[in-house]
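The structure appears below as structure tokens.
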Amino acid sequence: MSLPATMVGCSPKSYLTADTAERWLDALVDGLKRTPEQGEGVFVCLPAALLARGVEMLAPLGVVVGTQDVSAHPVGAFTGEDNAELLAGLGARLAMIGHPERVRYFGETPEVFGAKARAAAGAGIAPVLIVGEPERGADPERIIRPQLDAAFGEIAADAPVVVAYEPTWAIGAAEPAPPAHVVGVVARLRELLADRRGPVRVVYGGSAGPGTYAAIAAAGRAAGAPSGIPDGVFLGRAGVDAAGFLATIAEVRST
Ligand SMILES: O=C[C@H](O)COP(=O)(O)O
């Protein structure tokens, strides 16, 4: 599976209901249809319950549709689980793995993340690996290396992956991580990912919205560190507002 060169996406987490999801999808379709690129370079990671509808509405525009989770278990007697084969068959091309909210609220461990990455990649779904340090001031590399290893120990070196750098302290915060900090970590992440043989994209998430990508790109240019500029941004709350998501898509495309 290939990945777009630039990737700007949204995980609406569990903010949507049946009604608001329909309005959100309608607004995205409407906004994307007004752009020459339509859904190129755009991705969404939806609750599994919205996957089929999201694929139906967004995939024809070229949006890459994925999920926020994937079962670590195969097809079988695992009540409540959404196995990777099922998700892939419904059109999922991405699955988020390792989000701090999965750790905090659902007790997921690096072993679970590894098993989920294996299941996703085995079904042809690219894992979106969420990595980042838990506290401001912590050494990102010390935390990120084992997070990457937990997944990379389970999937082939040529499997496509998206790595979302999301420092936990910047998720659901008043503002994103400082642009210079993001540039430093993303540049190092690209070095850590250099031995991957398949497509790899690096995006930034954590209170991102309109203005975030432009600020990081400006910091990367000012530092003479183009490798520190991520391939896109990954929105949570700000993207639940379709206008905010569309504005961010336009910004990334024009930066
Ligand atoms: O996956 C998305 C991130 O957790 C970002 O969420 P946020 O933009 O609401 O901070």
Within the range 168-177, is even one residue more than 23 Å from I97 (Cα to Cα) and in contact with a Gly (Cβ under 7 Å, 6 or more places away or on another chain)? no
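Identify the residue in the range 195-205 that is more than 15 Å from E133 (Cβ to Cβ) and in contact with a Leu (Cβ under 8 Å, 6 or more places away or on another chain) and, among all such residues, is surrounded by the most Cβ atoms within 10 Å (Cβ to Cβ).
Result: V202.
Regarding the range 70-82, can at least one residue be identified that is touching a Cys at 6+ places or on another chain (Cβ under 9 Å) and either at pLDDT 95 or above or more than 20 Å from A5 (Cα to Cα) (or both)? It would help to see each step written out before you state the result.
To start, the set of residues in the range 70-82 that are touching a Cys at 6+ places or on another chain (Cβ under 9 Å) comprises none.
Taking every residue of the range 70-82 in turn, none turns out to be touching a Cys at 6+ places or on another chain (Cβ under 9 Å) and either at pLDDT 95 or above or more than 20 Å from A5 (Cα to Cα) (or both).
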Considering the range 157-194, residues that are within 15 Å of the ligand (Cβ to nearest atom) and touching a Leu at 6+ places or on another chain (Cβ under 9 Å), and then whichever is nearest to A5 (Cα to Cα), we arrive at V162
If we ask which residues in the range 219-239 are within 9 Å of the ligand (Cβ to nearest atom), part of a helix (DSSP H, G or I) and either under 12 Å from R201 (Cα atoms) or of a type in the set (G, A, S) (or both), their number turns out to be 2
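From E135, E101, E108, grab the single residue that is within 16 Å of the ligand (Cβ to nearest atom) and either touching a residue at least 60 places away in the same chain (Cβ under 8 Å) or of a type in the set (K, R) (or both).
On the way: E135 fails: either touching a residue at least 60 places away in the same chain (Cβ under 8 Å) or of a type in the set (K, R) (or both); E108 fails: either touching a residue at least 60 places away in the same chain (Cβ under 8 Å) or of a type in the set (K, R) (or both).
Result: E101 is the single residue among E135, E101, E108 that is within 16 Å of the ligand (Cβ to nearest atom) and either touching a residue at least 60 places away in the same chain (Cβ under 8 Å) or of a type in the set (K, R) (or both).
Out of all the residues in the range 211-226, is one or more modelled with pLDDT under 95 and more than 27 Å from D149 (Cβ to Cβ)? Steps first, answer last, please.
The initial filter retains those residues of the range 211-226 that are modelled with pLDDT under 95, namely none.
There is no residue in the range 211-226 that is modelled with pLDDT under 95 and more than 27 Å from D149 (Cβ to Cβ).
The values are calculated or read from the model by the stated rules, or taken from the named source; none is laboratory data. Since the model is a prediction, treat every value here as computed from it, not as a measurement. Reconstructed Cβ throughout: ideal geometry from the backbone, glycine too, with neighbour counts over all protein chains shown.
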